[in-house]
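What follows is one structure encoded as structure tokens, with my remarks underneath.
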Amino acid sequence: MPVPGPGYSITLRVEAPPSASAAGDLAAAVGRAGAVITAFDVVESHTDRIVVDITANTYSDDHVRDITVALEALSGVAVRKVSDRTFLIHLGGKIEVSSKVQLRNRDDLSRAYTPGVARICQAIAENPDDARRLTIKRNTVAVVTDGSAVLGLGNLGPAAALPVMEGKAALFKKFAGVDAWPVCLDTQDTDEIIRAVELIAPVYGGINLEDIAAPRCFEIERTLRERLDIPVFHDDQHGTAIVVVGALRNALRVVGKQLSDCKIVVCGAGAAGSAIIRLLLQKKPGDVLAVDVNGIVHPDRGDLDPNLAWLAEHTNNERKSGSLVDALVGADVFIGVSAPNLFGAEAVATMASDAVVFALANPDPEIDPMEAQRHAAIVATGRSDYPNQINNVLAFPGVFRGLLDAQANGITDELLLAAADAIADVVDGDRLNASFIVPSVFDSAVAPAVAEAVAKAAAKR
Ligand SMILES: NC(=O)c1ccc[n+]([C@@H]2O[C@H](COP(=O)([O-])OP(=O)(O)OC[C@H]3O[C@@H](n4cnc5c(N)ncnc54)[C@H](O)[C@@H]3O)[C@@H](O)[C@H]2O)c1
């Protein structure tokens, strides 16, 4: 059953008779149609009619049509207009550039631009490190995509990826004061992407790769890390891995288990799953079983690309084969970054006692969280309408704040683990419980804590 949410929020402008029961009738009709009213404003009042704006959370275009039909079935009621509030906030884009300096007169102009700026150019030419001191480089990140894996929607191309990249840039600014700018490349060729990022790198203090499909994303990140002297971070990989490892640390505190004793099943061995496994292995868990669309990953599978071959070699101590359901038997932890609706409560019942289930496929998790709760001690999802939301926003703003502050030129696993610990530590012992293993994305303590931990780890390199 779909749930109405703010991502599908609409405002209906409705004309109705001015009777005493009009408001109640309208609200009841919208409610019966399954929408959640969030605002009700009378915008015009006349002797023969009123005009109201009803704002409501819905779940689809069909649902909006049903609500309109339900309203127009009322005597004397007409729906004049339906506005989609999500489209409205995207009109003209979500970010802009603004000047930090005053440009009021010729004097200002001569210093901010020619002729004064020439001396700044010469200073940087003589000492390239001054670019961090005298330009936007010190606080600016490129959010680079080829549009090949946009959210869970697939290969939509660079233009359709732009609303996501703009949103990401807005989050960077809001949560960490980082100036990020979308760079949507009109190519999906690995070498061209690498070259394009190399060519634009002088402007930026860091590169955030975003929504680039696996396995291409692995080679792009690896090569750019070798070639550039600024940090390169693929958020779909490492942002996810940081938050998952931090959340798992707190989940295991709640159930009283040690990671070194745990058997962990990671379903999904793409961008997110591979990075989660690689980071988890740094913490020496009991065992990890990687599972993908073809079942448990093991060395004899015969369909292994270099990434899967690496996973096969470093996981699955007992060289098991089989399906996801086979992998779950006796497992302490399930981490899903794969596909919707893969198993039910009966499979969770075969896991070890006090099982931890992170079903993170978006928007629909690997298992319905209500089903998972029947047998699991802790359930987390990627969704904001359930407790324990695993959301990269907890990681990437603070990570880049720390990297920029430290003027870091690279990224290490220690730095990622420091970020994971910082997120976990924001939830102190008094607040930690099965429904609160990660802080809220709006907890203002998170980004500074992550930034400090990352800057410290970067300074140790
Ligand atoms: N909540 C979060 O924080 C978060 C973060 C990252 C990714 N995700 C979600 O995780 C999912 C995967 O993201 P990705 O970027 O790694 O994608 P990806 O395409 O790189 O990898 C997907 C993986 O899932 C596997 N898979 C697909 N269908 C499967 C099935 N039926 N059974 C088992 N495995 C299956 C594939 O073999 C592949 O290994 C998406 O739904 C994404 O939205 C959530």
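No lab work stands behind these numbers, since they all come straight from the coordinates. The model shown is predicted, which means the values in this text are computed figures rather than measured ones. Cβ: placed from backbone, ideal geometry, glycine included. Neighbour counts: every protein chain shown.
What is the packing order of peptides 42-50, 347-355, 448-456, taking the mean over residues of other C-beta atoms within 10 Å and listing the highest first?
On the way: 42-50: 10.9, 347-355: 17.8, 448-456: 21.8.
Taking the mean over residues of other Cβ atoms within 10 Å, the ranking is 448-456, 347-355, 42-50.
Over the residues of the chain, compute the C-alpha Rg and express it relative to 2.2 N^0.38 Å.
Details: Rg = 25.5 Å, N = 461, 2.2 N^0.38 = 22.6 Å.
Dividing the Cα Rg of the chain by 2.2 N^0.38 Å gives 1.13.
Give the order of Tyr8, Tyr386 when sorted by the count of other beta carbons within 10 angstrom, beginning with the fewest. It would help to have the intermediate numbers written out before the result.
Details: Tyr8 20, Tyr386 16.
Ascending number of Cβ neighbours within 10 Å: Tyr386, Tyr8.
Between Leu156 and Lys174, how many nm apart are label points set 7 Å from Cα along the C-beta direction?
Between Leu156 and Lys174, the simple spin-label model gives 1.8 nm.
Taking square-rooted eigenvalues a ≥ b ≥ c of the alpha carbon gyration tensor, is segment 133-216 rounded, prolate or oblate, where a/c under 1.5 means rounded and, failing that, a/b exceeding b/c means prolate? Numbers along the way, then the final one.
Values: a/c = 2.57, a/b = 1.36, b/c = 1.89.
Here segment 133-216 falls in the oblate category.
What translational diffusion coefficient, to the nearest whole µm²/s, does segment 81-201 have by Stokes-Einstein, given a Kirkwood radius computed over alpha-carbon pairs, a temperature of 20 °C and 1.002 mPa s viscosity? Let's see the in-between values first.
Working: Rh = 17.2 Å.
The estimated diffusion coefficient comes to 124 µm²/s.
Determine the shape class of segment 232-358: with a ≥ b ≥ c the square roots of the Cα gyration tensor eigenvalues, call it rounded for a/c under 1.5, and otherwise prolate if a/b is greater than b/c, oblate otherwise.
rounded
Using the reciprocal of the averaged 1/r over all distinct C-alpha pairs, how large is the Kirkwood radius of segment 320-461 in Å?
Details: mean 1/r = 0.0611 Å⁻¹.
So the Kirkwood estimate lands at 16.4 Å.
Counting other beta carbons within 10 Å of each Cβ, put His234, His314, His63 in order, fewest first. Working shown, then result.
Working: His234 27, His314 13, His63 19.
Arranged by neighbour count, lowest to highest, His234, His314, His63 become His314, His63, His234.
Given axes a ≥ b ≥ c from the Cα gyration tensor, I'd like to know whether segment 126-172 is rounded (a/c under 1.5), prolate (a/b larger than b/c) or oblate. Could the numbers behind the result be given before it?
Details: a/c = 4.67, a/b = 2.74, b/c = 1.71.
Prolate, because a/c is 1.5 or more and a/b exceeds b/c.
Quick one: Val143, Val51, fewest Cβ neighbours within 10 Å first, how do they rank? Present the calculation step by step, with values, prior to reporting the outcome.
On the way: Val143 26, Val51 16.
Lowest count first: Val51, Val143.
In whole angstrom, how far apart do the alpha carbon centroids of segment 49-89 and segment 225-304 sit?
About 45 Å separates the Cα centre of segment 49-89 from the one of segment 225-304.
Take the Cα gyration tensor of segment 3-126, multiply each eigenvalue by 5, square-root it, and list the three semi-axes largest first, rounded to whole angstrom. Please list the in-between numbers first.
Numbers: eigenvalues 554, 66, 18 Å².
Working through the eigenvalues yields semi-axes of 53, 18, 9 Å.
Can you give the FRET efficiency to the nearest 0.05 for Arg119 and Arg374, using r as the Cβ-Cβ distance and R₀ = 45 Å?
Values: r = 70 Å, r/R0 = 1.55.
That gives a FRET efficiency of 0.05.
Please report the Cα spread of segment 251-322 along all three principal axes, rounded to whole Å, starting with the longest.
39, 24, 19
Place the peptides 277-287, 329-339 in order of packing, highest mean first, counting for every residue the other Cβ atoms within 10 Å and averaging per peptide.
Numbers: 277-287: 17.3, 329-339: 22.5.
Those peptides, ordered most packed to least, come out 329-339, 277-287.
Over segment 1-134, what is the relative contact order in whole percent, taking alpha-carbon pairs under 8 Å and six or more residues apart? Mind dumping the intermediate values first?
On the way: 173 pairs, mean separation 37.2, N = 134.
Across segment 1-134, relative contact order equals 28 percent.
Taking the mean number of other Cβ atoms within 10 Å as a proxy for protection, how do you rank 206-216, 368-378, 70-80 from highest to lowest? Don't skip to the answer; put the middle values down first.
Numbers: 206-216: 23.1, 368-378: 18.9, 70-80: 14.2.
By packing density, highest mean first, the sequence is 206-216, 368-378, 70-80.
Excluding Ala73 itself, calculate the net charge of residues whose Cβ lies under 14 Å from the Cβ of Ala73, where each Lys or Arg counts +1 and each Asp or Glu counts -1. Don't skip to the end; give the middle numbers.
Numbers: positive: Arg32, Arg65; negative: Asp25, Asp66, Glu72.
Once all neighbours under 14 Å are counted, the net charge is -1.
So what's the back-of-envelope 222 nm ellipticity for the chain, counting only DSSP H runs of four-plus at -39500 (n - 2.57) apiece and dividing by all residues, rounded to 500?
On the way: 18 runs with 185 residues, N = 461.
Taken over the chain, the calculation gives -12000 deg cm²/dmol.
Of Lys137/Lys283; Lys100/Lys283; Lys174/Lys460, which pairs sit farther than 32 Å apart, going by alpha carbon to alpha carbon?
Values: Lys137/Lys283 34 Å; Lys100/Lys283 44 Å; Lys174/Lys460 28 Å.
Flagged as over cut-off: Lys137/Lys283; Lys100/Lys283.
In whole percent, what relative contact order does segment 135-189 give with Cα contacts below 8 Å and a gap of six or more residues?
Values: 84 pairs, mean separation 24.3, N = 55.
In percent, rounded to a whole number, it is 44.
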